[in-house]
Amino acid sequence: MRFQVDPTSSIPLYAQLVEQVKHAIAAGTLAPGDTLPSLRELAVRLRISPLTVKKAYGELEALGIVATEHGRGTTVRAGSDAFSARYRREALAQAVDRLLVEAHHLGATTDELIALLYERKTVLEEEAADHV
């Protein structure tokens, strides 16, 4: 998994990392048992403080998403499936809410939105198939 942070963002760096791990688990990019990069490795790669990575991993551990074992590193916990389903639904609901607000401001109907969703899904699937 490739992590990245935006130092110009108003979102703290550790929070950016937390969200990326949550998203990766929900998307299936990270699965139970997968090991996250070491604190030092990720800090060097991202050019950030190891304390920032430690804070992110600590928050993920407090949420029960990862477990850290001395000498073994930080791994995605078994049972993170329930979390990832909940996170996935919440993330999608937020995206839908943003879409609905924008559609309301533009005066779009529900039928227009549904047709556009199908249209865009088809286009994206075709583009993905072309890149394989």
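So here's what we get for this one:
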quantity: For Y14: the one exception among (1) surrounded by fewer than 16 Cβ atoms within 10 Å (Cβ to Cβ); (2) touching a residue at least 24 places away in the same chain (Cβ under 8 Å); (3) among the hydroxyl-bearing types (S, T, Y); calculated: (1)
quantity: Scan of the stretch 52-78 for residues that are farther than 17 Å from A26 by Cβ, assigned to a helix (DSSP H, G or I) and either in contact with a strand residue (DSSP E or B) (Cβ under 9 Å, 6 or more places away or on another chain) or outside the structural domain of H23 (by TED's automatic domain parsing) (or both), ordered by number; calculated: Y57, G58, E61
quantity: Close pairs (6 angstrom Cβ cut-off, 6 or more residues apart or separate chains): under 14 Å from L99 (Cβ atoms) in the stretch 110-130, aliphatic (A, V, I, L, M) anywhere; calculated: L113/A103
quantity: Any hit, the stretch 113-120, residues being in contact with a helix residue (DSSP H, G or I) (Cβ under 8 Å, 6 or more places away or on another chain) and either surrounded by 13 or more Cβ atoms within 10 Å (Cβ to Cβ) or closer than 26 Å to T8 by Cα (or both); calculated: yes
quantity: Selection within the stretch 97-111 - in a helix (DSSP H, G or I) and exposed (fewer than 13 other Cβ atoms within 10 Å of the Cβ); calculated: D97, R98, V101, E102, H104, H105, L106, T110, D111
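The values are calculated or read from the model by the stated rules, or taken from the named source; none is laboratory data. Everything numeric in this text was worked out from a predicted model, so none of it was measured. A quick note on method: Cβ atoms are made from the backbone with ideal geometry, for glycine too, and the neighbour counts reach across all protein chains shown.
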